[in-house]
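Here it is: the structure, laid out below.
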Amino acid sequence: MSSETFYVTTPIYYVNAEPHLGHAYSTMAADVLARHHRQRGDDVFFLTGTDEHGEPVENAAKKAGVTPQELADTNAAKFEGLMPIIDATNDFFIRTSDPRHTERVAEIMQRVYDNGWVTKGVYEGWYCPRCADFKTERELGPGNTCPIHEIPLQKEREENWFFQLSAFQGQLEGLYEERPDFVVPEFRRNEALSFIKGGLEDVSLSRPNLKWGLPLPWDPGQRMYVWFDALLNYVTALGFAREGEDLTDRYWPADLHVMAKDILKFHAVIWPALCLAAEIEPPRRMVIHGYLLMGEKKMSKSLGNVLDPFAVIDRFGADALRFYLFREVSFGQDGAISTAGFEQRYETELANDYGNLASRVLAMVERYRDGVVPAAQVDATLAEDFEGAVARFGDLLDRAELTQALDLVWALVRRLNRFVEETQPWVLAKDEADPERLDEVLYNLVEGLRVVTLLLVPYLPGTSETLLAALGEEGRALAELGSREGGQKVERVPPLFPKIE
Ligand code: MSP
């Protein structure tokens, strides 16, 4: 297998509040892809972190009676602390208040200025302080409200610096044409492209009233609009993530930015233009997922309807959470989640379909064959259903189809359960005349279990480790049915998904 680099990122999260399940979701999605690429033998770099400047943070700090840096420190620690809890294997955690980041931002923005892409002007528009973003007329909610935060917006007028986004319209259209998968899913690509084709306006680059932001290198009296500082994290991080090493040439351009649709415009329109203006190669691709909804509303800190990922994991475990979210909500679409739905899938799918299958198979190998997997032939009917599974799974994840890839594996898990029912090994065990058929059935069940568990490594990192160890599997590379011969010793495991109290 040839080793390629795979650089995947999440949005960097605002530190004006604590992490919630929505943040965990994007991070787990990026982690699934990072783990999958490591299994393929790729050279992976996975970045996440926190976005610490800007008005929302300044305001939240004021409200809490602390300095913005203090608030940033407190909440960044919570975001960073979330990573091991959701089993995210990020290679670095960037904080935009890190001077190593801010120095690089200043250099890059100075270059944008020197290249002539910055002009002075007057801005008037609808500003949402929670988004830290000006809304165009077509983005406004009813009664001039923010469509995301549902708060009334005020018209603001100010003198400031502008990034000449409009100058990049042609190049952006060219980029979209050249790379049909620059933004996936396709309906998001179309959304971004029609926004571009609708005519781009220059975007405000600085805020005169802001205190908690980076000074513009060429006009230190003005502070940088937080999005420029934030977007650049994807590049700056590579310069200092490893002590004494610059990883930029190794990993840039990023292979995949993961995010929800709320920040599509910044990433799919402004970001590639900023890259071009700064002579940075634009990223390769981005995947836009939907919102986790509680009832019918987006789960968000400002709406106050969030599920606390720490509490959910306390109860169900990180694997179950990862599994539930990618299985329940079709990745790319919005989807409602609920504790009841969670419990149901935990029981019927994780505990029954998969956990019981594993326990039964291992128990039968122990009971009937002293824990040694018999060497036998691949069952023809099973082989048909497993045919090409690894390649199909890889193709789906290449398109960031996290739900479809998981569905594919689950169909195989269910196929193995049917195989148990069809072959009834406990009946075969009584028939001493045909021990070979029992050998064959047990061999195929162990093989099937091994193949699906390897595929599940990115989704169920903890459980798959336990099970692969019990199966005596040393490597973690994906495998086809029948690629291991039998003869290995297996061990029983305690219930992988115990009953929840
Ligand atoms: N700081 C900016 C991003 C800068 S990236 C250069 C920001 N931060 S945020 O804290 O608001 O995070 C937004 C992101 O969090 C979404 O794009 C998404 O990845 C994730 N989500 C937040 N709430 C979510 C849901 N309810 N559902 C799905 N994803 C959610 O925007």
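The values are calculated or read from the model by the stated rules, or taken from the named source; none is laboratory data. Everything numeric here is computed off the predicted structure, so don't read it as measured data. Please note: Cβ atoms are built from the backbone with ideal geometry, for glycine as well, and neighbour counts cover all protein chains shown. Surface accessibility is based on the protein's heavy atoms, side chains included, excluding ligands, DNA and RNA. Shrake-Rupley method; radii C 1.70, N 1.55, O 1.52, S 1.80 Å.
In degrees between 0 and 90, to the nearest 10, how far off the longest principal axis of the chain does helix 186-197 point, with axes built from Cα atoms?
10 degrees
To make sure I understand the rule: partners must be aspartates and glutamates, Cα under 15 Å from the Cα of Lys197, and not fewer than 8 residues away in the same chain. Which ones qualify?
Hits, sequence-local ones excluded: Glu173, Glu177.
Return the calculated 222 nm mean residue ellipticity for the chain, to the nearest 500 deg cm²/dmol, obtained by summing -39500 (n - 2.57) across DSSP H runs with n ≥ 4 and dividing by the residue count.
Helices in the chain give a 222 nm mean residue ellipticity of -13500 deg cm²/dmol.
Considering only Ile85, Ile151, Ala24, whose Cα is most displaced toward the positive end of the charge dipole of the stretch 5-289, charges sitting on Cβ of Lys, Arg (+1) and Asp, Glu (-1)?
Working it through, the farthest residue towards the positive pole turns out to be Ile151.
Give me the dipole magnitude in Debye, nearest 20, for the stretch 5-289 about the Cα centre, with unit charges on the beta carbon: positive for Lys and Arg, negative for Asp and Glu.
460 debye
In degrees, nearest 10, range 0 to 90: what is the angle between the Cα axis of helix 402-423 and the longest Cα principal axis of the chain?
Value to nearest ten degrees: 10.
Antiparallel as a % of all DSSP beta bridges within the chain, to the nearest 5?
If I count the DSSP bridges inside the chain, around 55 percent turn out antiparallel.
Sticking with this structure for a sec: Give, rounded to the nearest 20 debye, the magnitude of the charge dipole that the stretch 338-470 has about its Cα centre when Lys and Arg contribute +1 at Cβ and Asp and Glu contribute -1 at Cβ.
About 280 debye.
Further question on the same structure: Please compute the contact order of the chain in relative form: average sequence separation of alpha-carbon pairs under 8 Å and at least six residues apart, divided by the residue count, as a percent.
16 percent
Using a 4.7 Å cut-off between beta carbons, which cysteines in the chain end up with no partner cysteine at all?
Unpaired cysteines in the chain: Cys275.
Tell me, what HN-Hα J-couplings in whole Hz come from the Karplus equation 6.51 cos²θ - 1.76 cosθ + 1.60 at θ = phi - 60° for each residue of the stretch 344-349, using x for Gly and Pro?
5, 5, 4, 6, 6, 9
Still on this model: Provide Ser483, Ser26 ordered by accessible surface of protein heavy atoms (probe 1.4 Å), highest first.
Ser483, Ser26
Then there's this: Work out the length of the dipole vector of the chain about its Cα centre, built from +1 on the beta-carbon of each Lys and Arg and -1 on the beta-carbon of each Asp and Glu, and round it to the nearest 20 debye.
That gives the chain a dipole magnitude of about 1120 debye.
Given DSSP loops and a limit of at most 10 other Cβ atoms within 10 Å, what is the longest stretch of the chain that contains no such trypsin sites (Lys or Arg not before Pro)?
Answer from the scan: 212-429.
All other residues with a Cβ under 15 Å from the Cβ of Val66 taken together, and with Lys, Arg as +1 and Asp, Glu as -1, what is their net charge?
So the environment of Val66 carries a net charge of -1.
So, one more: Classify the stretch 169-243 as rounded, prolate or oblate from the Cα gyration tensor: take a ≥ b ≥ c as the square roots of its eigenvalues, call it rounded if a/c is under 1.5, otherwise prolate when a/b beats b/c and oblate if not.
Note, shape of the stretch 169-243 comes out oblate.
Continuing with this model, one more query. In terms of the Cα gyration tensor, with a ≥ b ≥ c the square roots of its eigenvalues, is the stretch 5-289 rounded because a/c is under 1.5, prolate because a/b exceeds b/c, or oblate?
It comes out rounded by the Cα gyration axes.
Once both axes come from the Cα atoms, what is the angle between helix 389-398 and the longest principal axis of the chain, in degrees from 0 to 90, rounded to 10?
So the helix axis and the longest Cα principal axis differ by about 10 degrees.
Under 1.5 on a/c is rounded, so check that first for the stretch 338-470, then, if it is not, pick prolate when a/b is larger than b/c and oblate when it is not; a ≥ b ≥ c are the square roots of the alpha carbon gyration tensor eigenvalues.
prolate
Can you give the accessible area per residue of the chain, in Å², using a 1.4 Å probe?
Accessible area per residue, the chain: 41 Å².
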